[in-house]
Amino acid sequence: MDQPIRRCRDLDERLTPYIDEEAAPDERRLVDAHLSTCPPCRDHAQAERAARDIIQEHRDELRCCAPVALRARCAAHHGSSASPRRSVFHLPSSAGRRWVPLSLAATLVLAVAGVFLTGINTGVQALATGLALDHAKCFQFKGDISKAVDADMLDRKWEQEQGWPIVVPPSARDEQLRLLTVRRCVSTDGRVAHAMYFWRGQPFSVFVLPHATGRNRVLDTMGREAAIWSANGRTYAVLADGHPSDFSHIVEYVKGHAR
């Protein structure tokens, strides 16, 4: 019989089949037992489940946004893995780099985001897809959102820890915009600043990339409205759930306050 999961890192290789509901009953009981006593892993599992649901709902869109050559590479990688239904992808973590199993759809999303940020693919849709996935995952994590936060303090902390400066828009009562935190974007190898807000009580994200892509566009990605533009040697992306009619107004507010 499999041993209990005693360390969080031991959950990695078991989490994908658990989320995909492909794990054997004994494996599910082991994962359930660990999640019941570990809130961080429970939040992580919920975030991965949210990502899986989005991927399944928008699988046709994902197939279309990836270049043919990239889809062929992902399919070849998937076909060469030990499991006929599972691929393997190299992901960063705070504990160091780990090999974790991913479904082909998840591998495709991460690969699309990764090749964009390394300059191989210049498709704005690819970037938006990766950031939309990160937007959905990050808002699954629980935290204290009752306290007011200082945008200047978060800007200074980011520069101290990441080595490059950002200026994110502060909370604005007139805009019904409340800043929650700034964190590293988990789906782009930590190279993107993710400022998380509530706008009219709904999740709202502002992403800052440390270089300019030269592409400006408003688009619909995975059921979310997104605007991407370059300025000040940076690339900015704004995502809101659904398709708010005054999305352009809040985008202009961000453009006027982000640096």
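Over segment 191-253, with a single point scatterer placed on each C-alpha, what log10 of the ratio I(q)/I(0) does the Debye formula yield at q = 0.19 1/Å? Log-scaled intensity ratios, in q order: -0.69. Put a plus charge on the Cβ of each Lys and Arg, a minus charge on the Cβ of each Asp and Glu, and nothing anywhere else: the dipole of segment 175-259 about its Cα centre is then about 340 debye.
Percent relative contact order of segment 164-259, based on C-alpha pairs within less than 8 angstrom and at least six residues apart? Once normalised by length, the contact order is 23 percent. Taking the empirical scaling 2.2 N^0.38 Å for compact globular proteins as reference, segment 117-259 has a Cα radius of gyration ratio of 0.96. Under a 5 Å amide H cut-off, with hydrogens placed 1.01 Å from N, Ile166 pairs with Glu159 among residues at least 5 apart or on other chains. To put it simply, the accessible area of segment 156-230 at a 1.4 Å probe is 42 percent carbon and sulfur. Across the alpha-carbon atoms of segment 16-57, the computed radius of gyration and Dmax are 10.6, 31 angstrom.
The values are calculated or read from the model by the stated rules, or taken from the named source; none is laboratory data. Because the structure is a prediction, the values reported are computed rather than measured. Please note: Cβ atoms are built from the backbone with ideal geometry, for glycine as well, and neighbour counts cover all protein chains shown. SASA here: full protein model, heavy atoms, side chains in, ligands and nucleic acids out. Shrake-Rupley method; radii C 1.70, N 1.55, O 1.52, S 1.80 Å.
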